[in-house]
Amino acid sequence: MRVFIADDEQGIVELIKHLITVEKCEIVGEANNGLDALHKIREQQPVIVITDIMMPLMNGIDLIREVLKTLPQTQFVVISGYREFEYAKSALQLGVQDYLLKPIIEEDLNQAILHAMQSIDPSFAPLPQ
């Protein structure tokens with residue numbers, strides 16, 4: 001499954017890449033602002049996008065809205081340092097798979113990715129407990 005990572009902190013992008021242990025995930029791109037992410041996502045057409053909420057040039061909610069216009073099957077996992085209900089509500093209304101708070105917990109990230117993969121292809125088995 002093709003995965004794209006968008007976060008304005010390069011250290012977080014690297015951490016996410018390091019934490020992903022789900023088999024069959026291929027990181028196909030990354031971006032540090034929403035506008036760059038939108039262009040690269042349209043070009044790379046990943047199946048799963050992991051995105052931060054607050055990024056320069058375009059926030060994560062607007063990024064999700066724009067991607068879904070042309071790639072409606074894309075699954076999203078939102079990573080955020082913001083606990084405000086409105087961010088989570090907006091993300092959930094757009095159909096994101098999960099809304100994870102920073103600091104990122106490896107098991108939660110991999111479970112969210114697996115859930116996204118299962119929504120695309122139900123044959124993916126759950127992670128062992």
Pairs only if they're at least six apart or on different chains, beta carbon under 8 angstrom, first in region 103-116 and at negative phi and without any contact (Cβ under 8 Å) to a residue 40 or more places away in the chain, second aromatic (Phe, Trp, Tyr) and surrounded by 16 or more Cβ atoms within 10 Å (Cβ to Cβ); list them, first residue then second. none
Which of the residues spanning region 31-62 are out of contact with any strand residue (DSSP E or B) (no Cβ under 6 Å at 6 or more places or on another chain), in a helix (DSSP H, G or I), open to solvent by less than 40 Å² (accessible area, probe 1.4 Å) and of a type in the set (A, V, I, L, M)? LEU38, ILE61
Looking only at region 1-25, how many residues end up being under 17 Å from THR74 (Cα atoms) and within 13 Å of the chain's Cα centre (by Cα)? 7
List every residue pair whose Cβ atoms lie under 7 Å apart, where the two residues are 6 or more positions apart in sequence or sit on different chains, the first residue falls within region 1-26 and is free of Cβ contacts under 8 Å to residues at least 40 places away in the same chain, and the second residue, located anywhere, is among the basic types (Lys, Arg) and assigned to a strand (DSSP E or B). GLU26/ARG2
Looking only at region 83-98, decide whether some residue is touching a residue at least 24 places away in the same chain (Cβ under 8 Å) and touching a Leu at 6+ places or on another chain (Cβ under 6 Å). no
I'm told GLU23 meets every condition in (1) touching a helix residue (DSSP H, G or I) at 6+ places or on another chain (Cβ under 9 Å); (2) open to solvent by 20 Å² or more (accessible area, probe 1.4 Å); (3) under 19 Å from GLU106 (Cα atoms); (4) assigned to a loop (DSSP other than H, G, I, E, B) except one. Can you identify the failing condition by its number? (1)
Within region 76-102, residues in a loop (DSSP other than H, G, I, E, B) and touching a helix residue (DSSP H, G or I) at 6+ places or on another chain (Cβ under 9 Å) come out as TYR82, LEU94, GLY95, VAL96, GLN97, LYS102
Residues that are within 16 Å of PHE4 (Cβ to Cβ) and free of Cβ contacts under 8 Å to residues at least 12 places away in the same chain: does region 70-82 have at least one? yes
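The values are calculated or read from the model by the stated rules, or taken from the named source; none is laboratory data. These numbers come from a predicted model, not from an experiment. Quick reminder, even Gly has a Cβ in these numbers, built from the backbone with ideal geometry, and neighbours come from all protein chains shown. Quick note on the areas: whole protein, heavy atoms, side chains included, nothing else; ligands and nucleic acids left out. Shrake-Rupley method; radii C 1.70, N 1.55, O 1.52, S 1.80 Å.
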